[in-house]
Each structure stands twice: as structure tokens, then as C-alpha cells.
Amino acid sequence: MRFFQPKSQLGFARILAETRSKVPISPGLISLEKPLKKEGYSAYFEIPFPTLDNIDKSSKKLIWIFPKEKEEKVLSKSFVLTEQPFYPHFVSDSISSQDYFEYVESFLSFPEAFRQIFTLPITMTDSKLVNQVSQTDCSLYILTGLSSLFNNQRRLSELLVSLREKISPDIAIYVPGPISPAFYSFLVYSGIDFFDNSQAYYTSKNGYFLTIDRTYSNEEHPTCYCPYCMEKPPNLFKHNELIIKNALTRIHHSLKEETLRTLVEKDIHNKVSFAATLRKYDSVFSQSFRSRSPIISNATMKCVGEESLSRPVITEYRNRIRERFVPDLLSRIILLLPCSARKPYSFSRSHMQIRKAIKKGGRGIFSILSELIVTSPLSVVPRELEGIFPAKFYDIPVAGQWTSKEISITATLLNDILKRYSKDAIIINHMSGEGYKDIIQIVREQNSFTVYDTSQEASPTSDKSLSRLSETLQEIFSDKFSSDVQAPSTLTKKLRAISDFQFGSDTGRILFADSLKTKGKYPRNQQIFSEKEQIAILNSKNGFLSLSPDSAQSISTKSKNILEFGDIQVKGSNIFAPGCIKADNSILPNDEIFVVFEKQVVATAKAIVSGKDMNKMTSGIVAEIKKKTRVKK
Amino acid sequence: MKINTSYSESIKQIREKNLPSREHSRRIIHWEEKHRIKSEVVKALVFILPTRGCSWALSGSGGCSVCGYLYDNPQKPDFEMIMISIKDILNKKIQQEEEYSIKIFTSGSFLDRNEVPINVQEAILKELAKYHQIREIVLESRPEYINDKILQNIVNNIDISKIEIAIGLESANNKILKNSVNKGFFWEDFEQATERIIKFGAKVKAYLLFKPPFVTEYDSINDIFLSVSKIKKLGIDTVSINAISIHRGTYLSLLFEKNQYRPPWLWSLVYICKEIKAKFPEIRLICDVVAGGTRRGAHNCGECDKAILEQLKEFTLTQDLKALNHNIQCSCKEEWKGYVLHEKIS
Ligand code: SF4
Ligand SMILES: [Zn+2]
Ligand SMILES: [Zn+2]
């Protein structure tokens, strides 16, 4: 059994906990020697001085730190550090593969208790031997030599991504040696779990004063009022140690909040090559990060810079809209709207004014109207989906400034969506401003739809624009509207769109009838009923659905969120890796998934890790049960 | 494979770059010092013969990563002059009523015929055999030259029980021999040579290298302990612990200049000697620190170096643990402890 299990995943970053006690232990800090105070450390090395008597015994240990009350539960309190028969990173080039092979051979021959820590020089990560080690219960890799790649964005991104793709998420990676705390967030995002306090030893010995984002000389640095700096003379080591501890808690917290990516985007400006590496992650390796980044979240998504445009969740969002969003069949008027600062958009003043103007278009107007909000960086948000993450949760510093890249991404997605509408639909463009103009230009060039501009000269919320909108709608309305056709309710349209987005194409129609009953009003969760039976809950916070097991059954052949389970009965409140026979590779962490045994949904659950990683794990929890199907006798 | 090809290649390149600056002195260097045999201290006469130098260092392998002796050897040795000088010095120095230990060093292997022709070996041994005052003769050689023929040749010319052959084993760990020292032979070769020497009735002394490149202080302490234990099992009772001193023109020197190597601490040497002598009192332990207390040799903080070097000298001469027990206190001792433990990880 592996020592770790992921408690949450965010790209390659995750919180790892000790398997049995579930105490979060990574991302963490390792002390090179037994620390006076254990707070802030996940583990420490215990390396006795060599003597003639202990040369043959492996007495070097890595001791894990747990709260007293949990110590009894843990799997093992320490790892044995076995010999590492190669050299420091600066000569790793001359380590022959033969020597490495010998090391791996002897490593594999150790009894299990001596096989918990494996040392991997960066030059050997492509070796097939690594695969053999990852088949064992080895829990911790010491990755040596990584800092030599810090300026080589191509090699760094290739190496870390391929390593993380290869090994299971319950294997932790420790990068030893002095590393600036300003790099922690980026490295954690890249899949590194442990650092050590050698940076504190190194800097204090050489007279450097650390702050969270930079290094100063000890002679001239910002005043610090921490208790160690107030000592006379100031204790530089303790101060630096405090800084690296705090750098790590900051990451821990952002992982809990699911805002790590925002932190990374801020921190990468400390190192140009990391910014370039991040762009590689988002372009070349986008799929690897996307398939591990939750799309169900409550976190506010602060978009800070250019890097925000291609965040994995945003790319995933655009892809899902492109692949899964289908407008209601009766839609004949496509209304393009600008976004608002306040989310969801309908709660903003501007959208309320617009809505008022729409209503003047005629009774029943909403049954043939499809609203698309055009925005950066999400590109297009159908009104039906304005309440889900990330549409409801993003935040951009300045609205209305479009780069040419954004314009082209947005226009492309918009064009793809427009193809789904009936040929005789009409577009009303109620947007104004430079970027919007360019987007509409591209839409006009590439489509045969008639486009009316209602906000050309003035802002969309000006009286002039609003009355133009009402008038235009009135003109078209009678043409396009027929009162004999029964249209689905606005709620149904919304739920169908969410379901398609969340569970897969075509699932919305199966789940939700044209009219539905609900209980509970915003900000409470909404319970959805169909003929007195509760079929789903709409979570008012994140905007996503939870299904009853029966509803889940009805879409189980269409949905992608399927975990094939090994038993008809689910015991306890978790799904463990050994019970998971196969998980769909498109499952993301936090996803609502359906646990299926021989085509029967036996439970609904919340994914802890991605489907890809469920398939790799051999122990530990992969999903938490939400509802079990009542067994009919 | 007893060598690491790419490593050996880079050592060779450094060697080739530095060889042109080789000196041409053909003078024998010799001096007198105190030396311990069994339970007494005698006079020792040390000769350094200007041969062409170590064949291993001259070979395509580049030689040992730490060794720059070659740069002191002349390109064309003059053996006639060497013989004349040896006879002359012996004649002048050896006194009637004293006992002597003779050390004949070449910065290579005395028993290598390519370095010291067989007739020269014979002539030197014959000359030494003339002096009954000589109790012990120390020769140095790599193991590959120690074959039955060459040992028989010694027997033919001198009482072989007086001979001690010193072999630079450096470490009993083949990985270190290959990837750190580029020694070109393995422990097994040393083992074989030892058996032969003992069979012929001579003695063996092993040199161990403390803190070769890429091996941390911690690992090297461990390695010395392991090596001593293995050597002792072969019946060898004299071990010389040679702390690294950084020779110019070597691979190690480059590492040092790039700040990737710190010479060993004197504290470590004290620790090693104490530990070994306490557990194996029967071993004659020699710890002559070359360039001790300097930047390129084993050193501490600079404050305590001299006192510790004195202790080590006294210990080597007296073989008495008491010599190491005068408690020298220095603030750098804590720093050393931390260093030994941290260097391992970071
Ligand atoms: S250490 Fe000895 S064997 Fe190695 S190169 Fe120098 S003289 Fe030759
Ligand atoms: Zn401070
Ligand atoms: Zn000192």
C-alpha cells in the first residue's frame, strides 16, 4: 500500500495525505535535521554520524511528522533512506546508465520496507527502469538535478509533464536542495510535492535575507518584525526558515481554495523562464493539465495577465461549449450581448436593463430567443450557463481591451456555435466597442445570417440602444414566432444546457421534461422534481447538478462520467482504487460521477482525482460516495 | 568495465591540456624523517625518483582524477644518474649504529618495468641489500604490476621480508574507484595482488583516499570504515589514510575552482582515526596530512588547524589514542557536524 493518497487535485498539484490518518502532508517542507519546533514541517531527516559499527545497517531515516492524536493510525512513521550510488547533480551527466541500472536492480531487490524512497536523477527520467519502480509500492521519488533545468523551459516542461503522466498521483516527488520560495507555487503546480529547508541554511550561511518573493543582502533589506528579527542580534536562520514555511502555507491555502493557478500566474513573473514554461504547459501540454483541473469549483478566478487566457479550465470550458452546447430547437433570434463585471450577468444592472428591453419585444419572446454573452477570456457564455463555474466566477482587471489573439479565439468559437442554429435565425448584435466590432466583422464574413446592430453608436445601456433593441425585436418577432408550438421553459433550457455541459451531449433532453417543478429559491439549492419525484439538485453555489441514482441510470449510456465498479454493492462512503475497474479518461477531479456495475448505476459519487489517475492508482480513495441506489429486493 | 568512458575522457582532456607545462628536473629528491616500525621509532630515508611518471596517468585513460604527480616527472629519465645518486646518498646518510626505513617513491609504480626498467629495479635492490642497518623498504606499485615474476626478482636480490609494498587502493568500493577516482582497477585486483605479496613473504600497506570527488564527507567517512574493515580481513595491518590535497591540473582541481568541492575537514580525520584505532588497535594507522590547513588541503576554520595537525602527527608516530584526546575546542566543530550531515542531502 502506498503511503500517500491525493485529497484533491489541481492540474499536477495536489494535496496529499497519509493514507490511513488522512493528515494532509504535502505540499510540504522537509527539515535536514530534527527541528527544534516541528510546526511547519512535514518530515525531517535523521542521519546518525557514521561509525564502524553501523556502516552496514541502513540507519538513515526520513521521519514523518503527525499530530500526536493521529500517530496511532498512520501506516508508517518513517522511511528508510537506502544508499544512493550516484553523485550530486552537477555531474549527473557522467552517471552511466549502467550504474543507474545497478542501483535500480539493487533497489528492486530490497524488502518492501527499504523501498519507500527512490532517487531519480533528471537524466534518467526517460529510462524504462522508472516504470518498474513505479509498479512497486515506493511512495517518494527524490528528483535530483532539477534546478539545472530552471532556465531550459523546453526540457523542464517535457520532463515534468512526462514524469507526472507516467507515475501515479499517489507517488510524491521531492526536489532536494536550495530552491527559492518564490518558485514553490510554480513547482507545486508542475507536480512537485516536497522541498527542504536547505534554502534557509544556505541563505543564512551566506548572509542573505529572504522575503517571499526575493533575496536581499543581510545589510540592506526591508525591516521585518518577526520575533526572530526582533532578537538581538537577529536570528537570520530562523527568519529565513519562517519565510520558507510561510511560502508553503500560502500554497497549501490556495490549493484548498482552488486558486493555485492564480497564484502561479502572479509568481511566475519572478522568473522569465517559468513564465515560458507555463505557456508550454498551456499550449503543448494543455491536455495533461486540463484532464486534471476541476471544472466544478467555487473559487473566484482572478485573471491577472495574458497567461489567464489559456488556463486549463478556460480551454476546457471552451471545448465543452464547442462540443456540447446545443441551442434550443425553437431558437430563431440570437442575441449577442457584452459581459458585465457583476456575475452572474443577470444580476448586473446592465443586464437587467437589457432584459427589460427584451421583454418589450413581445410576449413569448424568450421561447425563440437565445442569448450569447461574448466575453474574455471565456469567449462565449450562453445565458443558460451563466451560473456555472467558471462563468460565474471569473474576474478580469480591465474589460473591453481585446488582444488580437483573444479576438480570433472568440470569433472562432462563436462561429462554431452559430453553426448549430437554424439557417433562418437572425443575429442581433447588441455590443459596442473595438474588440466586439472586430469579432462581429469576422462573424459577418463567415456566416450568411442577417445581422442587426442595435448598439452601434452608443453604449448598450444607453436609452437609444435599448429602444433600438426593443424595436428590432418587435420587428422580427411576429415573423419568427408561432404560438402553436409548445416551448420548453427557461428553467428546462437552462438545466438541459448544464447537463450537456456537465455529463455529456444529449443527456439534458433525457433528464429534463419541457416543464418542471422546483423547490428552494436562490441562494438555496434548487430541488428539481418531475412528477413528484426529485430527480436532481441544482447547486446554487457552483451552478452544477447532482442527480438521483435513478436519473443517473437514465443517462448512463450517454454520459461520460462513468466509473466501472467491481461489485454490485458499494460499502462504506468511499470508492477505493482496487474497486475501480475502469474510469472514463474524461472524468475531472470534483466531477459528479456514476458508479456502475454491469450497466446498473449503484451510486453517484464525487471524483477526488481525474479518471486518468483513477486508472493508475493501486490504493487509496478515488471517489467519495454521494448517494447509493437502494437495492430492490 | 573498470572505467567510466565519458568520465575518463574528460579527465584525459584536462591531462592533455596540462602536460606541456610539465617540469624537467632530473634531480633525485630525498629527505630524512621519523618513522615508526612496530613499537619503535626509527629514521626514515625517503627517495623520490625522477622516472617518466605513472603509466596509468600517461595512458589514454587520463589517469586518476585527483592526481597531478605526473606534472613533476621529467620526460626523459636518466637512470645512470639515478643509480649514482642513490649509491652516493645511501653511502653518506646511513650511519653505522642506526636503524633505517627506506622509502623509494617514483610518483608511479616502482614495479612497473616501463617506468623503472627491470635492471634498474635489480640494481637498486642489490644496493639496498648491502646495508644491514636497513630494516624496512617501502615500494609503491599499482596492483597490475605485481606478478610472480616481479616478486621472484625481488626475492633474488634482497631479503623479501624487509619489503613493504604500498598500494594506492583509495577505496574498497568499485563504484568509487570507477566513477570518482578513475583508478582503472577494482578491489578484486588489489585482493589478488595482496595474496601474491603475502605468499612471497613481503608486507602490504594500503593507501585510502579520504573524500575523493563527488563523494560527500559523510559517505567518505563511511567508505573509509568499510574499506578498513575489508582490508583488515586480508591480513593487512598498515593503512594510510590520505586526505585529499588538490593537485593542480587535475579534474578535481577544476571542480574545486568551480566551487563544487570542499577539501575534507581535519575534524573528520581525527574522528576517523579515533574510531578505527579504538575498534582495531592492532592496525598501524598513518595519517600524514599533505597541505594540511591550506585552502587546497584538509582544513578547518583556520584557528584550530595547527593544533589538530600536531595531534595527527603525534598520533601517527606514537599510534597512541591519547594523542588525539587532548580536547581541542573550537567553534567550528559544530559547523563541521552540520556540514557532514547536510552535504549528504543538499
Ligand atoms: S594516483 Fe597513483 S595510480 Fe593514480 S595516476 Fe597518480 S600515480 Fe598513477
Ligand atoms: Zn524576520
Ligand atoms: Zn576551528
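The values are calculated or read from the model by the stated rules, or taken from the named source; none is laboratory data. Only a predicted model underlies this, so the values are computations on that prediction, with no experimental measurement involved. When we count neighbours, we look across all protein chains shown, and the Cβ atoms used for this are built from the backbone with ideal geometry, even at glycine. Ligands, DNA and RNA are excluded from the accessible area calculation, which covers all protein heavy atoms including side chains. Shrake-Rupley method; radii C 1.70, N 1.55, O 1.52, S 1.80 Å.
Just give me the residues in the stretch A:114-170 being small (Gly, Ala, Ser) and either assigned to a loop (DSSP other than H, G, I, E, B) or not assigned by TED's automatic domain parsing to the domain that holds A:Leu75 (or both), in sequence order.
Just the residues of the stretch A:114-170 that are small (Gly, Ala, Ser), to begin with: A:127, A:134, A:139, A:145, A:147-148, A:157, A:162, A:168.
Of everything in the stretch A:114-170, those that are small (Gly, Ala, Ser) and either assigned to a loop (DSSP other than H, G, I, E, B) or not assigned by TED's automatic domain parsing to the domain that holds A:Leu75 (or both) turn out to be A:Ser127, A:Ser139, A:Gly145, A:Ser168.
Whether any residue in the stretch B:1-11 is basic (Lys, Arg), surrounded by fewer than 20 Cβ atoms within 10 Å (Cβ to Cβ) and within 14 Å of another protein chain (Cβ to nearest Cβ) is what I want to check. The answer is yes, given that some residue of the stretch B:1-11 is basic (Lys, Arg), surrounded by fewer than 20 Cβ atoms within 10 Å (Cβ to Cβ) and within 14 Å of another protein chain (Cβ to nearest Cβ). Under the condition of being of a type outside the set (Val, Ile, Thr) and crowded, with 17+ Cβ neighbours inside 10 Å, which residue from the stretch B:305-318 is farthest from ligand 1 (Cβ to nearest atom)? Across the stretch B:305-318, the extreme among qualifying residues is B:Gln311.
Checking each residue in the stretch A:312-326 for being crowded, with 23+ Cβ neighbours inside 10 Å and aromatic (Phe, Trp, Tyr) picks out only A:Tyr317.
For the stretch A:430-461, the set of residues classified as open to solvent by 30 Å² or more (accessible area, probe 1.4 Å), hydroxyl-bearing (Ser, Thr, Tyr) and in a loop (DSSP other than H, G, I, E, B) consists of A:Ser432, A:Ser448, A:Ser459, A:Thr461, listed by residue number. Of the residues making up the stretch B:294-304, at least one is surrounded by 15 or more Cβ atoms within 10 Å (Cβ to Cβ) and within 14 Å of chain A (Cβ to nearest Cβ).
Conditions tested, residue by residue: (1) outside the structural domain of A:Ala113 (by TED's automatic domain parsing); (2) over 18 Å from A:Pro181 (Cα atoms); (3) aromatic (Phe, Trp, Tyr).
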position: A:Gly11; (1), (2), (3): no, yes, no
position: A:Ser21; (1), (2), (3): no, yes, no
position: A:Pro27; (1), (2), (3): no, no, no
position: A:Tyr41; (1), (2), (3): no, no, yes
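Among the candidates B:Ile29, B:Ile86, the residue that is β-branched (Val, Ile, Thr), away from ligand 2 (no atom under 16 Å from the Cβ) and open to solvent by 20 Å² or more (accessible area, probe 1.4 Å) is uniquely B:Ile29.
Within the stretch A:173-187, the residues that satisfy the criterion of being under 26 Å from A:Val609 (Cβ atoms) and in contact with a Lys or Arg (Cβ under 9 Å, 6 or more places away or on another chain) are A:Ile173, A:Phe183, A:Tyr184, A:Ser185, A:Phe186. Considering the stretch A:481-495, the residues that are among the β-branched types (Val, Ile, Thr) and closer than 19 Å to A:Gly387 by Cα include one that is surrounded by the fewest Cβ atoms within 10 Å (Cβ to Cβ), namely A:Thr490.
Of all residue pairs spaced 6 or more apart or on separate chains, those with beta-carbon atoms under 9 Å, a first member in the stretch B:298-310 that is on the phi > 0 side of the Ramachandran plot and a second member that is near ligand 3 (Cβ under 6 Å from one of its atoms) and open to solvent by less than 10 Å² (accessible area, probe 1.4 Å) are B:Gly302/B:Cys332.
In summary, B:Glu115 fulfils each of the numbered conditions (1) in a loop (DSSP other than H, G, I, E, B); (2) open to solvent by 20 Å² or more (accessible area, probe 1.4 Å) with the single exception of condition (2).
In this structure, A:Thr507 does not qualify as in contact (Cβ under 8 Å) with a residue 60 or more places away in the chain, among the polar types (S, T, N, Q) and either buried (at least 18 other Cβ atoms within 10 Å of the Cβ) or over 26 Å from A:Lys606 (Cβ atoms) (or both). If you check A:Arg420, A:Arg363, A:Arg383 for being without any contact (Cβ under 8 Å) to a residue 24 or more places away in the chain and of a type outside the set (A, V, I, L, M), only one passes: A:Arg363.
Against the condition within 16 Å of ligand 1 (Cβ to nearest atom) and either part of a loop (DSSP other than H, G, I, E, B) or not acidic (Asp, Glu) (or both), how does B:Ala291 come out, does it pass?
So B:Ala291 fits the description; yes.
Within the stretch B:320-327, can one find any residue that is assigned to a loop (DSSP other than H, G, I, E, B), within 15 Å of ligand 3 (Cβ to nearest atom), of a type outside the set (Ser, Thr, Tyr) and open to solvent by 50 Å² or more (accessible area, probe 1.4 Å)? Yes: one or more hits.
Please state which of the following conditions A:Glu307 fails to meet, knowing it meets all the rest: (1) free of Cβ contacts under 8 Å to residues at least 60 places away in the same chain; (2) more than 23 Å from A:Arg164 (Cβ to Cβ); (3) open to solvent by less than 60 Å² (accessible area, probe 1.4 Å). Here A:Glu307 clears every test but (2). Scanning the stretch B:89-104 for residues that are part of a helix (DSSP H, G or I) and open to solvent by less than 30 Å² (accessible area, probe 1.4 Å) yields a total of 2. Sub-7 Å Cβ pairs linking a first residue in the stretch A:200-229 that is surrounded by fewer than 15 Cβ atoms within 10 Å (Cβ to Cβ) to a second residue that is in a loop (DSSP other than H, G, I, E, B) and of a type in the set (Ser, Thr, Tyr), at least 6 apart or interchain, are A:Pro222/A:Thr211, ordered by first then second residue.
Pick from B:Arg26, B:Arg15, B:Arg52: which is out of contact with any strand residue (DSSP E or B) (no Cβ under 9 Å at 6 or more places or on another chain), over 24 Å from B:Gly168 (Cα atoms), touching a residue at least 12 places away in the same chain (Cβ under 8 Å) and of a type in the set (D, E, K, R)? Steps first, please.
On the way: B:Arg15 fails: over 24 Å from B:Gly168 (Cα atoms); B:Arg52 fails: over 24 Å from B:Gly168 (Cα atoms).
Every option except B:Arg26 fails the conditions.
Scanning the stretch B:172-201 for residues that are without any contact (Cβ under 8 Å) to a residue 60 or more places away in the chain, assigned to a loop (DSSP other than H, G, I, E, B) and within 26 Å of B:Cys273 (Cβ to Cβ) gives B:Ala172, B:Asn173.
Mind checking which residues of the stretch B:47-83 are of a type in the set (Val, Ile, Thr) and either at pLDDT 95 or above or not in a helix (DSSP H, G or I) (or both)?
The first filter runs over the stretch B:47-83 and keeps only residues of a type in the set (Val, Ile, Thr), leaving B:48, B:51, B:66, B:82.
Selection gives B:Ile48, B:Thr51, B:Val66.
I'd like the residue in the stretch B:247-266 that is part of a helix (DSSP H, G or I) and within 11 Å of chain A (Cβ to nearest Cβ) and, out of all such residues, is farthest from B:Lys306 (Cα to Cα).
First pass over the stretch B:247-266, keeping only residues part of a helix (DSSP H, G or I): B:251-257, B:266.
Filter again for within 11 Å of chain A (Cβ to nearest Cβ), leaving B:251, B:255.
Details: B:Tyr251: 28, B:Leu255: 26 Å.
So the residue we want is B:Tyr251.
Could you tell me whether the stretch B:34-46 includes any residue that is in a loop (DSSP other than H, G, I, E, B) and either surrounded by fewer than 19 Cβ atoms within 10 Å (Cβ to Cβ) or not acidic (Asp, Glu) (or both)? Yes: one or more hits.
Every listed requirement among (1) assigned to a helix (DSSP H, G or I); (2) within 14 Å of chain B (Cβ to nearest Cβ); (3) closer than 19 Å to A:Ile173 by Cα is met by A:Leu255 save one, (2). Of the listed requirements (1) near ligand 2 (Cβ under 10 Å from one of its atoms); (2) within 14 Å of chain B (Cβ to nearest Cβ), A:His239 misses just one: (2).
Residues being under 14 Å from B:Ser227 (Cα atoms) and away from chain A (no Cβ under 14 Å): count how many of those fall in the stretch B:165-185. Let's see the steps before the verdict.
First pass over the stretch B:165-185, keeping only residues under 14 Å from B:Ser227 (Cα atoms): B:167-177.
So of that shortlist, the ones also away from chain A (no Cβ under 14 Å) come out as B:167-170.
Qualifying residue count for the region: 4.
Inside the stretch A:263-274, can you point out the residues that are open to solvent by 10 Å² or more (accessible area, probe 1.4 Å) and either under 11 Å from A:Glu307 (Cβ atoms) or part of a helix (DSSP H, G or I) (or both)? Write out each step before concluding.
Going residue by residue through the stretch A:263-274, those that are open to solvent by 10 Å² or more (accessible area, probe 1.4 Å) are A:263, A:266-267, A:269-273.
Hits for the stretch A:263-274 are A:Leu263, A:Lys266, A:Asp267, A:His269, A:Asn270, A:Val272, A:Ser273.
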